[in-house]
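So the structure is just underneath, and the comments pick up after that.
Taken together, the values in this text are just the output of simple stated rules run on the coordinates, not laboratory data. Worth saying up front: this structure is predicted, and the values here are computed from it rather than measured. With ideal geometry, Cβ positions are generated from the backbone for all residues, glycine too; neighbour counts draw on all protein chains shown.
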Amino acid sequence: MENSIMANDHSNRLPVLAEEIRIEHQKVLAAAGAGIAAARAAGAHLIEAKAAIPHGAWLSWLAGLGFGVRTAQNYMKLARLPEATAQRIAHLGLARGLREIADQSDLLSPRSGEIVQGQAGLKIEIDDVELYEREVYIWRSSQYPDFFWLFALDTDQDGSGSSVTVRKPVPDAVWYLEHWGFPIEAARWETKRDAGLISCIADLRVYCHGGGWIYWDAAGYAPPHASAAQE
């Protein structure tokens, strides 16, 4: 009963949050000087809304706000900045402010020769190999430099698990991670410049592809990138 009351409270709050987010978004567009503050306010509302929305419904709810996932991610990233950093970039306007924290904003867009590894959940050690319950790897396509490969693993304590990927390189990793339910904000992220690791993960992806593969874009929905590259 108590959980039901809490769920209703969250549901009643969402229309209010949606309106507040729209107002702050319009402030961002209207006043470059006030852009950082408005974006941070919108980001704080987005963080609260995301926590209240059921799993799998975030993107459809976000679509009603008039902007996309990347903008929402930027707003939330700004909202999570330490106060000292926020004050340092407050006078720059939104575009320049985001460039100032580009090392954070571009976390899921590795450069050529880099691979991003995200780890979530408990650590699992199997035959002296250190794994995590959920892991994802992102690396830039060598043939299509503006597109990325994604490969993900779910591992159980007994060593069994499943793997997921995309059929072809895609221009934005965030959309797929959201649909898979990977905890982007809570995960531990590390960027490595390691050609051997990229080759190993790419080979593992191809190996798994022949054994009953599961694709992110095979679940009855189409990503918002109809022109994704073929490789």
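Brief remarks on what is shown
- Ranking of Trp139, Trp61 by count of other Cβ atoms within 10 Å, fewest first: Trp61, Trp139
- Dipole magnitude of segment 139-202, debye to nearest 20 (Cβ charges: Lys/Arg +1, Asp/Glu -1, about Cα centre): 320 debye
- Difference of contour (0.36 nm per residue) and Cα-Cα distance, Ala195 to Lys168: 7.7 nm
- Contour excess over end-to-end distance, with Cα ends at Val206 and His91 and 0.36 nm allotted per residue: 36.6 nm
- Per-residue Karplus couplings for segment 193-206, computed as 6.51 cos²θ - 1.76 cosθ + 1.60 with θ equal to phi - 60°, are listed in order as 9, 8, 4, x, 5, 4, 4, 5, 5, 4, 5, 5, 4, 5 Hz, Gly and Pro entered as x.
- Spin-label model distance (nm) - Leu14 vs Asp127, 7 Å beyond Cα toward Cβ: 4.5 nm
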